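We did not get these values from a lab; they are worked out from the coordinates using the rules stated. In this text the structure is predicted, and so the values were computed from the model without any measurement. Cβ: placed from backbone, ideal geometry, glycine included. Neighbour counts: every protein chain shown.
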Amino acid sequence: MALAPRLDLRLGQTLVMTPQLRQAIQLLQYSNLEVQAWVEQELERNPLLERDESPRLEGAETPLTPPEPEPLPPLGEPEREALGAGDGPPLDADFRNVYDPGTAADGYAASLAVGGRGGRADFEEDKRDLGDLAPQRRSLREHLAEQLRLSFDDATDRLIGACLIAGLDGAGRLVMDLEALAARLACPRERIEAVLARMQRFDPPGVFARSLRECLEIQLREQNRYDPAMAALLDNLDLLAKRDLRRLREVCGVDAEDLAEMISELKRLDPKPGAGFDPDPVATVIPDVLMRPSEDGGWIVELNPETLPRVIANGAYHAKVLGAARSKEERAFIAEHWANATWLVKSLAQRASTILKVAAEIVRRQDAFFRHGITHLRPLILRDIAQAVDLHESTISRVTANKSIATPRGVLEMKFFFSNAVGGAGGEGHSAEAVKARIKALIAAEDPDGVLSDDAIVSVLRREGVDIARRTVAKYREGLGIPSSVQRRREKAVPA
């Protein structure tokens, strides 16, 4: 068989992922804030792209009429949550003037030099925010560093102490390996242990502990309450976690009354003494979609205009620079940026339309949840929404990723509304989240003398029309972080 080159013509279909198609897919799963940051970069790169400063047009919302009521098997009394106003205490704006005879004349002259209006200029010309006038809280490391300077005179000890402060976590627990620190500083470990022992007496009590047991021991020694019985209790914290009071009385050598008092003392201690100094900033969730009730009893769904990026492709500037182009390279540069600008505007509009369409369908499907609470959350999967809005399931998954919706029941992630169905009487399914909420409510309302087992919970749910297995109840209970009935019985036996 001779080997020779030849030409073949073949016809086939292939899907090519162009850079623009990949970017469009990424835009779908971005949140509004992430899209906003990405658009800012495009505005810097593309001279033909600019912000749309025109007033926002009304009508960028989707009104939803209330759906026809569907029968729902009762899971209990519908929850009716009261939405609080959230008003805090009134701001104390009592500014008092303090008269100092020694500085009154100089202060009056200075105020005239600043504003020419006497003492009022000090307030009117002050550009500081009210937050700048509030006292600044010191961090845990600043608080400990000040005590380090006052407690140690030797430079080496101060260096060791500074390294130990750097090795603290947010709770004030020491997470540094002392052996590695001794090797790094080329000093005996005994000296580091001596510095650590002194620093463990710093404020707040319990800081620089290397374990929970040591943290509690330091605080008990500070209160002069560390004795052999308390030491035995700290050595068996695992038994305390299991609420095994009988075994604890044996190992501690105390009666029930003394053990209850010891446990009460432990509850008054702080297992995370450093957490109050460096509080984690509360992350503000900015919703991508807003919904509110309409006058006709339905819902209005709209995109959040505060986070929705609005850009336009400047056609007038494009025509101007294209007419001034002198070379083929310049015209190619302008054509490429014009194509990118028009594509971006179109992609953002399509993204907004898709998100609004999907959010409106979710609200329509979960109308009973918004009106009556978690027990009426309907089972929902991606396929249900995909079929309703004529999109692929992967598109629905990307649209609902990293996005939240502001509802009358709080700001919720869009993924929250999707849950598997649990069988019910008559073939009607129940949302897994609704069943979890019912299990949590049953356990929260149980009597201390009548703790519900998983089998008892199954019996209650089946009487309410939920066909569920005991192992499913156990899985949901463990997922909610609720201990077993044996553990709960022990917890309720411990005095508060």
Ala445/Arg138 FRET efficiency (R0 45 Å; Cβ-Cβ; nearest 0.05): 0.55
Cα pair distances exceeding 16 angstrom across region 370-486, given as percent: 66
Inverse mean reciprocal Cα-Cα distance (Kirkwood Rh) of region 195-266, Å: 12.8
Exposure proxy order (Cβ contacts within 10 Å, fewest to most) of Glu217, Glu478: Glu478, Glu217
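Between Arg383 and Asp154, what's the calculated FRET efficiency when r is the beta-carbon distance and R0 is 56 Å? Round to 0.05.
The calculated FRET efficiency here is 0.20.
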Projected area averaged over orientations for region 280-358, convex hull of C-alpha atoms, nm²: 9.5
Taking all pairs of distinct alpha-carbon atoms in region 289-418, Kirkwood radius in angstrom: 17.3
Residue exposure sequence - Trp343, Trp299 - by fewest surrounding Cβ within 10 Å: Trp343, Trp299
Estimated distance in nm for a label pair at Arg221 and Ala180, the labels positioned 7 Å out from Cα along Cα-to-Cβ: 2.5
Debye intensity ratio I(q)/I(0), log10, region 422-493, q values 0.16 Å⁻¹ (C-alpha model): -0.52
Cβ-Cβ FRET estimate between Glu491 and Glu50, R0 fixed at 60 Å, reported to 0.05: 0.45
Calculated Rg and Dmax of region 177-321 using C-alpha coordinates, Å: 29.0, 92
Amide H contacts of Asn304 (H built 1.01 Å from N, under 5 Å, at least 5 apart or other chain): Val289, Leu290
Inter-label distance, nm, simple model (7 Å from Cα along the C-beta direction), Glu261/Leu21: 7.7
Projected area averaged over orientations for region 333-392, convex hull of C-alpha atoms, nm²: 5.2
